[in-house]
Amino acid sequence: MVRGRICRLLVRDVRFPTSLGGHGSDAMREAQREREHKQGELEREKQASCGAGSPMRRWIPGPWDHDLSRRQTLNDCATQHTDPDYSAAYVVLETDAEDGLKGYGLTFTLGKGTEVVVCAVNALAHHVLNKDLRDIVGDFRGFYRQLTSDGQLRWIGPEKGVVHLATAALLNAVWDLWAKQEGKPLWKLLVDMDPRELLSCIDFRYITDVLTEEEAYEILQKGQVGKKERGQMLMHGYPAYTTSCAWLGYSDDTLKQLCTEALKDGWTRFKVKVGADLQDDIRRCRLIRNMIGPEKTLMMDANQRWDVPEAVEWMSKLAEFKPLWIEEPTSPDDILGHAAISEALVPLGIGIATGEQCHNRVIFKQLLQAKALQFLQIDSCRLGSVNENLSVLLMAKKFEIPVCPHAGGVGLCELVQHLIIFDFISISASLENRMCEYVNHLHEHFRYPVVIKKASYMPPKDAGYSTEMKEESVKKHQYPHGEVWKKLLAAQEN
C-alpha cells in the first residue's frame, strides 16, 4: 500500500578519492592528465620545486582503505588530483507516514561538478515536496513529464546534462521508497506489475515513430510467458563481466595480479581500457589475452577518445585480439559516426557497444534506427531513472539488440542489477550475448551491496532499489567537510 506525503528532501555531495589508486583511469582521462602535465612554465616550476630526485610514491590498488594514515599519495608534490574521484549527488526523501521508511536515490559523478548536480536537485525539489507518493506513482508518466518539462529548467536540458542527472537522482529515490513500501526489491516490483501499469510509468513522447504504447504492450504480454521459469533460472545469477583488472592507470604487475585473481574467482569475461597509445594498447591487450586464453571473452573500451576514421584504423590493428566489442569509440552524440564505425568493424567480428553517456531515449532510438550498435548499454543514473530505462529496454527488444548495462562507479552496480534482472524475466527472455558490467569498487559503503557469486549477479532480496548508503560513509566522505576530505584538502594546502 503506497502511503505518505513527501515532507523532506535532503541532497548531499558525496565523493570518494579513487584517483589516488588510478581507479577509473581511461583514455580520455589519461589525455587530460597529459594536457595538464604539459601546461605552462608555472606547473613545471612547481614540479621542479620538489627536487629532481624526489620519489614518485604509488598506492597499490586494492580494497578501499579508509585509514588515510596507511595510504601513500601518488606524488608528494601533487596539489590536485586529475583522475576521477567517484562521487554521487545523494538524495534522501522522507514522508509523514508512520512506517518511517525513506527513499534513497543517487546519480553518479566524477568529483568536480557534483556540487552543480546538487544545485539542480534543489532546483527541482519543489516538484517533489508536499506531494503524496500515491499521487506520484498513480500518474508516474505525468510526474516524469512534470520533472522533465519544468518551464525554466528545461532550457538547460531538455532531458540531458546536469538537470537530467538531477532528475535521475530524484526519481531513483522515489522508486526506492515505492519498492520499500511494497516490501519488494525493485526488480520484483517491476516483474509483478501488470503490463498496463508498467507502461503508465513511461513517457513515450519522441519515440512513437519507433515504439508505440501498443507495441510495447504486446512485447510485455509476450514476456508473460515463461516468467516464472526465468525467475527460477536466476537462482544461479545473471552473467557479469569485470572491468576491475585493466584500467589504464594500472601497472602491468597490477594488471597481471588482478587478472590472476579474477581467473581464480571464475571470471570468464574481461574488459580492457584502450585509446591512449596504440603500441601500449597492443602490448597490454596481448598481455591480457595471453593471460585469459583464447576461449575467454575480451571487450575493449575507448571512452570516446577517437574520431571516426581513427577508431576504424585503431581497432583494425587491435582486431587480432578478438574483442567482442569496442565500447564508446567516439562521441556518444555521433549517431552516424557510430554507424560508420559499425559498418567497418562488424565484418572484422567487432561489435559496437555504447550508451553509458547517451543523454536520453531519443539518442538510443536513433542509434537503433541507424544500426549503429550491436550491444546497448543502459545506465541507471544518466537516463531519467527507471522510467526512461524501461522505454530503452523495450526499444532494444523490438530491434533484438542485447542489453549489456554500464555499471561501476558509485552504486551503479547496485542499481542496474535490478533493471537487467527485470529485463531478462519480463522483456528479453534471453541471456544470449547478454552480460552486466561489474567493477569491484566502493560496495562496502552501501547497506545492501551487490552480491556476486561465480561471476554472476545474485538477485537482490532486500526491499528497495539498493540505493541506500551507510550513514557513516556518507558523513565521512561528504565534500568538503567530511573527515576524509578535511584531511586530504589540508594535506594539499601544506
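The values are calculated or read from the model by the stated rules, or taken from the named source; none is laboratory data. Being a predicted model, the structure only gives us computed values, none of them experimental. All Cβ positions, even for glycine, are placed from backbone atoms using ideal geometry, and neighbour counts span all protein chains on display. All accessible areas refer to the heavy atoms of the entire protein, side chains included, with ligands and DNA or RNA removed. Shrake-Rupley method; radii C 1.70, N 1.55, O 1.52, S 1.80 Å.
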Exercise. What full-extension length gain, to one decimal in nm, is calculated for Glu229 and Ser149 as 0.36 nm per residue of separation minus the Cα-Cα distance?
Worked result: 24.8 nm
Problem set entry | For Tyr238, distant residues with modelled amide H under 5 Å away | Tyr457, Met458
For this session: Work out the P(r) tail for the chain: percent of alpha carbon pairs separated by more than 44 Å, whole number.
Result: 11
Exercise. Per-residue HN-Hα couplings for the range 200-207, Karplus 6.51 cos²θ - 1.76 cosθ + 1.60 at θ = phi - 60°, whole Hz, x for Gly and Pro?
Worked result: 5, 8, 9, 8, 7, 4, 6, 10
For this session: Whenever you get a sec, compute what percent of the accessible area on the chain sits on carbon and sulfur atoms (1.4 Å probe).
Result: 51
Seminar exercise, completed: Between the modelled labels at Glu115 and Lys264 (7 Å from Cα along Cα→Cβ) the distance in nm is 4.4
Exercise. Tell me, what is the per residue accessible area of the chain in Å², probe radius 1.4 Å?
Worked result: 41
Problem set entry | For Leu318, net neighbour charge (Lys/Arg +1, Asp/Glu -1) across residues whose Cβ lies under 14 Å away | +1
Exercise. Given a cut-off of under 8 Å on Cα pairs at least six residues apart, what relative contact order in percent is computed for the chain?
Worked result: 19
Seminar exercise, completed: Rounded to whole angstrom, the alpha-carbon centroid of the range 246-272 lies from that of the range 215-240 at a distance of 32
For this session: Pop the C-beta distance of Arg196 and Leu278 into the FRET formula with R0 = 41 Å and round what comes out to the nearest 0.05.
Result: 0.20
Exercise. If one puts a single equal scatterer on every Cα of the range 176-270 and applies the Debye formula without solvent, what log₁₀ I(q)/I(0) results at q = 0.25 Å⁻¹?
Worked result: -1.25
Exercise. Rounded to the nearest 5, what % of the DSSP beta bridges within the chain are antiparallel ones?
Worked result: 55
Exercise. So which GluC sites (Glu not before Pro) in the range 373-416 pass both tests, a DSSP loop state and at most 13 other Cβ atoms within 10 Å of the Cβ?
Worked result: Glu400
For this session: Report Rg/Rh for the range 409-470, rounded to two decimals, where Rg is the Cα radius of gyration and Rh the Kirkwood radius.
Result: 0.96
For this session: Could you tell me which of the pairs Lys228/Lys322; Lys397/Lys461; Lys188/Lys273 are separated by over 32 angstrom between their Cα atoms in the structure shown?
Result: Lys228/Lys322; Lys188/Lys273
Exercise. How far apart, in nm, are two points set 7 Å out from the Cα along the Cα-to-Cβ line at Phe399 and at Leu489?
Worked result: 4.4
Seminar exercise, completed: Counting all Cα-Cα pairs in the range 172-230, those more than 13 Å apart amount in percent to 67
Seminar exercise, completed: Hydrodynamic calc, the range 340-494: Kirkwood Rh from Cα pairs, then Stokes-Einstein at 4 °C with viscosity 1.567 mPa s, so D in µm² s⁻¹ is 75
Problem set entry | Net charge dipole size for the range 217-312 [Lys, Arg +1 and Asp, Glu -1 on Cβ; Debye, nearest 20] | 440
Exercise. Hey, what's the Kirkwood Rh for the range 301-370 if you take every pair of different alpha carbons, in angstrom?
Worked result: 11.9
For this session: Could you run the Karplus curve 6.51 cos²θ - 1.76 cosθ + 1.60 with θ = phi - 60° over the range 359-370 and give me ³J(HN,Hα) per residue in whole Hz, x for Gly and Pro?
Result: 4, 6, 5, 5, 4, 4, 4, 6, 4, 5, 4, 7
Exercise. How many nm is it between the label spots at Asn130 and Asp96, if each spot is 7 Å from the Cα in line with the beta carbon?
Worked result: 1.1
Seminar exercise, completed: Measure of exposure for Asp139: accessible area at 1.4 Å probe, Å² rounded to 10, is 90
Problem set entry | Rh by Kirkwood over Cα pairs, then Stokes-Einstein D for the range 325-417 at 1.306 mPa s and 10 °C, µm²/s | 121
Exercise. Which value, in debye to the nearest 20, gives the size of the charge dipole of the chain about its Cα centre, when Lys and Arg are +1 and Asp and Glu are -1 at the Cβ?
Worked result: 800
Exercise. If packing is taken as the mean number of other Cβ atoms within 10 Å per residue, what is the order of 171-177, 256-262, highest first?
Worked result: 171-177, 256-262
For this session: For the range 434-494, go through all pairs of different Cα atoms, get the mean of 1/r, take its inverse, and jot down that Kirkwood value in Å.
Result: 13.9
Exercise. Taking the mean number of other Cβ atoms within 10 Å as a proxy for protection, how do you rank 373-380, 180-187, 470-477, 264-271 from highest to lowest?
Worked result: 373-380, 180-187, 264-271, 470-477
Exercise. Using every alpha carbon pair in the range 230-303, what percent of pairs falls into each 5 Å bin from 0 up to the bin containing the largest distance?
Worked result: 3, 15, 27, 23, 14, 7, 5, 3, 2, 0
Exercise. Across 10 Å bins from 0, what is the distribution of all Cα-Cα pair distances for the range 113-222, in whole percents?
Worked result: 13, 40, 35, 12, 0
